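Here's the structure we're looking at; comments come further down.
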Amino acid sequence: MGELIPLAKPVIGDAEEQAVLGVLRSGQLSLGPQVVRFEEAFAERVGAPHASAVSSGTAGLQLALRAVGVSDGDEVVTSPLSFVASANVCVMERARPVFADIDATTLTLDPAAATAAVTERTAAILPVHIFGYPTEMEPLEALGLPIVEDACEALGGRYADGSPVGGRGHAAVFGFYANKQMTTGEGGMVTVGDPAIKQRIDSERNQGRAPDMDWLDHDRLGFNYRLSDIACALGLAQLDRLDSMLAERQRVASLYYEGLAGIEGLALPCADRGEEQRGWFVFVVQLPPSVDRDETIRALREQGIQSKPYLPAIHLMAYYRERFGHREGEFPVCEAVAAQSIALPFFPEMTSGQVERVCAALRETLEQT
Ligand SMILES: Cc1ncc(COP(=O)(O)O)c(C=O)c1O
């Protein structure tokens, strides 16, 4: 067995260490100047008027839903092929996540299915730019409902008009967990066009305090979903190297396309469509339907290669079955993808030799089955 190839690995260097050390030595570890600096730099990066730093992508999604007015008894139309957080936040806000099936090519919310799922109780649409591929936005925007974009996996992506994901004016939420395009350890960012939405998010992340209010005076209910200055300084250092990290992810993706070409029945991530571009986050392939996924994962592990099922369909998770009565067969495109997809090792510093090892091992495993 060769050296272990992990699924993901952050790029952390001197700049990150110095940035964090600087904050530690400054004595101001939270509610300090790094937060605003990080927000402004991030907003500029994606071409959004405003940004709010928050403690996680999940926290950002929850605050964004609240800020666009989702509350008790509402419905939110969203994708069943996502990390569970995007549905959980609807339930946390006492709304019902109403799933609609995905497009078989891009794996994002199918606009026709989403449109058909809208009722008079629909308070928002929550498209998920899954595996970094941007959802087709125009048909969703035509519905005239508030939109919260789950862009946790899509930093660096571009919509069909060529503009960066996060700059369309809707609340768009990014995540900075350590496997993401850039990391703050844990953390998130909400970008938005409307200053009133930013103001509400800024208040609710900080126990409901209005910007002009005194310490310990609060005019609404809120949370502690703040991001520390330590994390924001780390985020600023990561933003500085984001272009090069994205370019490296693109390089690794190209190597995978070459190395996995021609394997019968193996579906690779869809190609970009013109200006519409994926922000590379994971390399997810769908195994042929006849192949046992668990066996494949085991065979790769035996060769020192990490992989995992990615992602399970949310509506078929135990909690969602029990709470909302979901069953197999409701969203066939999503279910077929969820049953056969695996994420392969994918990170900026991955060498061509490591990609070759993964491709050779997968090819060999699939040929044997
Ligand atoms: C699609 C999607 N939504 C939401 C989240 C939640 O982000 P976080 O883990 O920062 O709360 C993630 C990240 O794990 C994600 O991949």
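The values are calculated or read from the model by the stated rules, or taken from the named source; none is laboratory data. Quick caveat: nothing in here was measured; it's all calculated off a predicted structure. Here the Cβ is made from the backbone with ideal geometry for all residues, glycine too, and neighbour counts use every protein chain on show. Keep in mind that these areas ignore ligands, DNA and RNA; they rest on the heavy atoms of the full protein, side chains included. Shrake-Rupley method; radii C 1.70, N 1.55, O 1.52, S 1.80 Å.
Tabulated data
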{"quantity": "Odd one out for ALA318 among (1) touching a residue at least 24 places away in the same chain (Cβ under 8 Å); (2) within 25 Å of the chain's Cα centre (by Cα)", "calculated": "(1)"}
{"quantity": "Filtered residues of region 156-167 (kept if open to solvent by 10 Å² or more (accessible area, probe 1.4 Å) and either within 13 Å of ALA48 (Cα to Cα) or of a type in the set (Lys, Arg) (or both))", "calculated": "ARG158, SER163, PRO164, GLY167"}
{"quantity": "Residue identified as closer than 30 Å to PRO309 by Cβ and open to solvent by 30 Å² or more (accessible area, probe 1.4 Å) among VAL76, VAL84, VAL11", "calculated": "VAL84"}
{"quantity": "Of all residues making up region 310-337, the number that are open to solvent by 10 Å² or more (accessible area, probe 1.4 Å) and outside any loop (DSSP other than H, G, I, E, B)", "calculated": "11"}
{"quantity": "Which numbered condition HIS170 fails, given (1) farther than 18 Å from ALA67 by Cα; (2) within 16 Å of the ligand (Cβ to nearest atom); (3) without any contact (Cβ under 8 Å) to a residue 60 or more places away in the chain", "calculated": "(1)"}
{"quantity": "Near pairs, Cβ below 9 angstrom, 6+ apart or cross-chain, from region 182-210 (under 17 Å from GLY156 (Cα atoms) and free of Cβ contacts under 8 Å to residues at least 60 places away in the same chain) to any residue that is open to solvent by 10 Å² or more (accessible area, probe 1.4 Å) and more than 16 Å from the ligand (Cβ to nearest atom)", "calculated": "THR184/ILE230"}
{"quantity": "Contacts under 7 angstrom Cβ, first residue in region 128-155 being on the phi < 0 side of the Ramachandran plot and outside the structural domain of VAL192 (by TED's automatic domain parsing), partner in a helix (DSSP H, G or I) and more than 16 Å from the ligand (Cβ to nearest atom), 6 or more apart", "calculated": "none"}
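Quick grid of which residues meet (1) closer than 30 Å to PRO111 by Cα; (2) surrounded by 13 or more Cβ atoms within 10 Å (Cβ to Cβ); (3) at pLDDT 95 or above:
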| position | (1), (2), (3) |
| --- | --- |
| TYR256 | yes, yes, yes |
| LEU266 | yes, yes, yes |
| ALA271 | yes, no, yes |
| GLY274 | yes, no, no |
| VAL284 | yes, yes, yes |
| LEU300 | no, yes, yes |
